[in-house]
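Student: Before I ask anything, let me first share the structure, which is written out below as structure tokens.
The values are calculated or read from the model by the stated rules, or taken from the named source; none is laboratory data. All values derive from a computational prediction rather than experimental measurement. In this analysis, Cβ positions are derived from the backbone assuming ideal geometry, glycine residues included, and neighbour counts consider all displayed protein chains.
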Amino acid sequence: MDECIFCKIVKGEIPCGKIYEDEEFIAFLDANPVVEGHSLIISKKHFENIFETPDEIAGQINLVCKKVANLLRKKFNVDAVNIIHASGKAAQQSVFHIHYHVVPRRENDGLDLWFHGK
């Protein structure tokens, strides 16, 4: 956990563009956004992925996703959001600390984040 970048953000060792915080979670702007307002929601406690995350935290993080989505919708005047999560290396998880991406979307923004069958 000492080397986890998100744990360092929680401890205040690394600055972030914080947009939301409560007792259990922090939301902040992504350092490498795909669009303006792209944000991350993390648990203040370290859980590697969804499989290790207690049910209560997993449920609460979805409520925080909704709060952040509403905040971004108002701030950036967007039509929609994608809420994205990956758990495990095979799912392309890159930071092994539970987190969700909230990506503001507009009609015809050219961003394609959806699945395409073979």
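Student: Can you run down the residue pairs with Cβ atoms below 8 Å, 6 or more apart or on separate chains, where the first is in segment 96-118 and under 15 Å from Phe28 (Cβ atoms) and the partner is of a type in the set (D, E, K, R)?
Tutor: Correct list of pairs: His97/Glu48; Ile98/Glu48; Ile98/Glu52; His101/Asp30; Pro104/Glu36; Pro104/Arg73.
Student: Kindly indicate the residue of segment 69-103 that is of a type in the set (Phe, Trp, Tyr) and at pLDDT 95 or above and also surrounded by the most Cβ atoms within 10 Å (Cβ to Cβ) among those meeting that condition. Quick ask: steps written out before the conclusion?
Tutor: Within segment 69-103, the subset of a type in the set (Phe, Trp, Tyr) is 76, 96, 100.
Filter again for at pLDDT 95 or above, leaving 96, 100.
Details: Phe96: 17, Tyr100: 21.
Among them, the one singled out is Tyr100.
Student: Which one of these is under 29 Å from Gly110 (Cα atoms), in a helix (DSSP H, G or I), at pLDDT 95 or above and out of contact with any strand residue (DSSP E or B) (no Cβ under 8 Å at 6 or more places or on another chain): Lys66, Lys8?
Tutor: Values: Lys8 fails: under 29 Å from Gly110 (Cα atoms).
Criteria check complete, one pass: Lys66.
Student: Has segment 34-47 got any residue that is surrounded by fewer than 19 Cβ atoms within 10 Å (Cβ to Cβ) and either more than 15 Å from the chain's Cα centre (by Cα) or outside any loop (DSSP other than H, G, I, E, B) (or both)?
Tutor: No, segment 34-47 has no match at all.
Student: While we're here: Give me the pairs, please: first residue somewhere in segment 3-19 and without any contact (Cβ under 8 Å) to a residue 24 or more places away in the chain and surrounded by 16 or more Cβ atoms within 10 Å (Cβ to Cβ), second residue anywhere and of a type in the set (Val, Ile, Thr) and in a helix (DSSP H, G or I), beta-carbon distance under 7 Å, and either six or more positions apart or on two chains.
Tutor: Filtered contacts from segment 3-19: Cys16/Ile9.
Student: State the number of residues belonging to segment 69-109 that are of a type in the set (Phe, Trp, Tyr) and in a strand (DSSP E or B). Spell out the reasoning first.
Tutor: Filtering segment 69-109 down to residues of a type in the set (Phe, Trp, Tyr) leaves 76, 96, 100.
Within this subset, residues satisfying the condition of being in a strand (DSSP E or B) are 100.
So the count comes out to 1.
Student: If the requirement is being in contact with a Gly (Cβ under 9 Å, 6 or more places away or on another chain) and among the polar types (S, T, N, Q), which of these qualifies: Ser39, Ser43, Ser94? Give the derivation first.
Tutor: Numbers: Ser43 fails: in contact with a Gly (Cβ under 9 Å, 6 or more places away or on another chain); Ser94 fails: in contact with a Gly (Cβ under 9 Å, 6 or more places away or on another chain).
Answer to the check: Ser39.
Student: Still on this model: Is it the case, given these coordinates, that Arg106 is over 25 Å from Asp22 (Cβ atoms), surrounded by 12 or more Cβ atoms within 10 Å (Cβ to Cβ) and touching an Asp or Glu at 6+ places or on another chain (Cβ under 9 Å)?
Tutor: Numbers: over 25 Å from Asp22 (Cβ atoms): yes; surrounded by 12 or more Cβ atoms within 10 Å (Cβ to Cβ): yes; touching an Asp or Glu at 6+ places or on another chain (Cβ under 9 Å): yes.
So Arg106 fits the description; yes.
Student: Moving to a separate point now. Looking at Ile83, Ile57, which one is touching a Cys at 6+ places or on another chain (Cβ under 6 Å), among the β-branched types (Val, Ile, Thr) and farther than 19 Å from Pro15 by Cα?
Tutor: On the way: Ile57 fails: touching a Cys at 6+ places or on another chain (Cβ under 6 Å).
Matching residue, one of Ile83, Ile57: Ile83.
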